[in-house]
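Everything below concerns the one structure shown next.
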Amino acid sequence: MSIVKRLLPHPIFSLVLLMVWLLLNNTLSAGHILLGSIIALVLPWATAGFWADRLHLHKPGLALRFLLLVLWDITVANIQVAKLILSPRSKLRPAFVHYPLDMDNDFAITVLAATISLTPGTVSIDVSSDHRTLLVHGLDVGDEAALIAEIKSRYEAPIKEIFGC
């Protein structure tokens with residue numbers, strides 16, 4: 001293993017940590033850049049033993065498009081949930097849905113579960129022990145099959161392509 005890989009076991013994670021640190025502190029001062037850089041180097045190095053496999057993006061362009069799609073869906077879902085909650089005549093139809101997974105990569109399943117939870121109105125609750133089913137709660141579920149089909153086409157299919165599952 002090269003010295004660079006030992007010092008930076010997860011370079012993307014390091015970069016994201018530095019960016020998040022600077023954004024949270026809302027400054028580009030030398031002190032915060034230095035402290036953020038130290039955190040961005042030490043944290044991935046200290047946790048490298050806990051990571052199962054290195055992250056491999058098979059289609060980084062698709063990953064960027066997927067990120068933009070998720071940001072758009074979060075915005076639209078916020079408006080839809082606000083309308084549902086604020087509407088005087090709204091009759092919510094909450095439901096638990098057993099979502100069948102077509103992938104077995106733990107990281108990809110985690111990304112899917114996080115994506116579902118980030119979108120207002122839905123939250124992923126549990127992954128079955130055999131990794132074949134994800135329990136999802138929807139705030140207003142008219143048709144379970146439609147919800148499953150939407151998650152499969154909109155989120156799971158691109159995630160499978162991005163990570164090569």
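The values are calculated or read from the model by the stated rules, or taken from the named source; none is laboratory data. Please read these numbers as outputs of a predicted model, since none were measured by experiment. With ideal geometry, Cβ positions are generated from the backbone for all residues, glycine too; neighbour counts draw on all protein chains shown. For the accessible areas, the whole protein counts, side chains as well, though only heavy atoms, and no ligand, DNA or RNA atoms are used. Shrake-Rupley method; radii C 1.70, N 1.55, O 1.52, S 1.80 Å.
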Just to be sure, is Leu92 open to solvent by less than 90 Å² (accessible area, probe 1.4 Å) and either of a type outside the set (A, V, I, L, M) or assigned to a helix (DSSP H, G or I) (or both)? no
Log entry, pairs with first residue in the range 30-43 being touching a residue at least 24 places away in the same chain (Cβ under 8 Å), second being part of a helix (DSSP H, G or I) and loosely packed, with under 14 Cβ neighbours inside 10 Å, beta carbons closer than 8 Å, six or more apart or on different chains, reads Ala40/Leu15; Leu41/Leu7
Filter the range 1-30 for residues that are at pLDDT 85 or above and either in contact with a Pro (Cβ under 6 Å, 6 or more places away or on another chain) or open to solvent by less than 50 Å² (accessible area, probe 1.4 Å) (or both) and give the result. Ser14, Leu17, Leu18, Leu22, Thr27, Ser29
Of Ser117, Ser87, Ser153, the only residue that is open to solvent by 30 Å² or more (accessible area, probe 1.4 Å) and farther than 25 Å from His58 by Cβ is Ser87
Within the range 120-135, which residues are open to solvent by 90 Å² or more (accessible area, probe 1.4 Å) and within 8 Å of Leu101 (Cβ to Cβ)? Arg132
